[in-house]
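Data block below; observations after.
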Amino acid sequence: RRHRQTTVLAAAVLILYGVVFTLLAWDLVMSLDPTWSSTLFGGYFFVGNLYAGLAVLGLATVGLHRRMGPASPFTADQFHDLGKLVFGFCLLTAYLAWSQYLPIWYGNLPEETGFVILRTETAPWAFWAKAVLGLGFVVPFVAGLSRALKRRPWGLFTLCAVVAVGMWMERYLLVVPSLGREAIPGGTLPFGWPEILITIGFLGAYG
């Protein structure tokens with residue numbers, strides 16, 4: 001009976017998760033740039049959250065494995081399964097990002113392209129966007145192809161750490177340019193105490 005209840009609740013939570021984070025994506029990110037809209041952004045946002053969440057889960061799993069030592073219940077097969085999940089969500093997130101970018105590119109409408117051009121063609125965001133592409137998608141894709149790497153704790157930890165950093169940078173890239181904050185003289189990114197404290201606050205909520 002409890003197994004059946006868990007199955008039903010799991011499906012309900014997944015649907016609720018998608019709905020809630022779609023609304024949060026619209027209200028907290030897309031609304032910062034009122035001239036831009038995307039019907040796919042909600043799906044992209046919550047799938048990216050799952051991708052980042054799996055990466056943090058991988059970091060926590062390896063950390064617990066190291067802490068427990070020989071008594072650890074985790075096996076190479078479990079590390080491999082978690083690595084495959086991270087790899088799969090890497091592909092899904094990249095696919096949704098491309099699916100969102102492609103119609104903006106070929107539609108070439110000013111109210112749509114401005115959001116992308118600001119982040120990919122103007123300083124200092126252009127370099128940051130390339131770093132997001134590399135850390136969030138390219139490096140995890142190439143590393144995730146290795147079966148041996150995903151089965152080793154240090155390999156899974158490295159893969160998940162790269163994904164977590166890349167997805168944090170991706171969220172920064174989605175939000176901060178829309179706030180109209182000017183780059184610090186010298187072309188560096190506007191990064192200060194607000195960004196640091198917000199990150200610490202979310203880490204505390206996660207913990």
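The values are calculated or read from the model by the stated rules, or taken from the named source; none is laboratory data. Everything numeric in this text was worked out from a predicted model, so none of it was measured. Using ideal geometry, Cβ is built from the backbone for each residue, glycine included, and neighbour counts are taken over all protein chains shown. Just so you know, the surface numbers come from the protein's heavy atoms only, side chains and all, with ligands and any DNA or RNA stripped out. Shrake-Rupley method; radii C 1.70, N 1.55, O 1.52, S 1.80 Å.
Some points to look at:
- Volume per residue of the C-alpha convex hull in the chain, rounded to whole Å³: 150 Å³
- Axis angle, to the nearest 10 degrees, between helix 153-175 and the longest C-alpha principal axis of the chain: 20 degrees.
- Shape of region 120-163, Cα gyration tensor, a/c cut at 1.5: prolate
- Acute angle (nearest 10 degrees) that the helix 110-120 long axis makes with the longest principal axis of the chain, alpha-carbon atoms: 60 degrees
- Highest mean packing first, where packing is the average number of other Cβ atoms within 10 Å per residue, the peptides 167-173, 117-123 line up as 167-173, 117-123.
- Stretched out straight at 0.36 nm per residue, the stretch from Tyr106 to Arg2 would grow longer than its current Cα-Cα span by 32.4 nm.
- Degrees separating the helix 193-206 axis from the principal Cα axis of the chain, which is the longest one: 30 degrees
- With DNA, RNA and ligands ignored, accessible area of His65 (1.4 Å probe; Å², nearest 10): 40 Å²
- Relative contact order computed over region 67-190 (Cα-Cα under 8 Å; 6+ residues apart), in percent: 32 percent
- Taken one residue at a time, the phi angles of region 137-152 give Karplus couplings (6.51, -1.76, 1.60, θ = phi - 60°) of 9, 5, 4, x, 5, 5, 5, x, 6, 7, 5, 5, 5, 5, 8, 9 Hz. Gly and Pro are set to x.
- Within the full protein context, the accessible area of Thr158 is estimated at about 70 Å² for a probe radius of 1.4 Å.
- Burial order of peptide ranges 28-36, 50-58, 92-100 (average beta-carbon count within 10 Å, highest first): 50-58, 92-100, 28-36
- Here the 3J(HN,Hα) profile of region 64-76, calculated from phi with Karplus coefficients 6.51, -1.76 and 1.60 at θ = phi - 60°, is 5, 4, 5, 5, 7, x, x, 7, 5, x, 7, 10, 4 Hz, Gly and Pro shown as x.
- Estimated [θ] at 222 nm from DSSP helical runs (n ≥ 4, -39500 (n - 2.57)) normalised by residues in the chain, nearest 500: -25000 deg cm²/dmol
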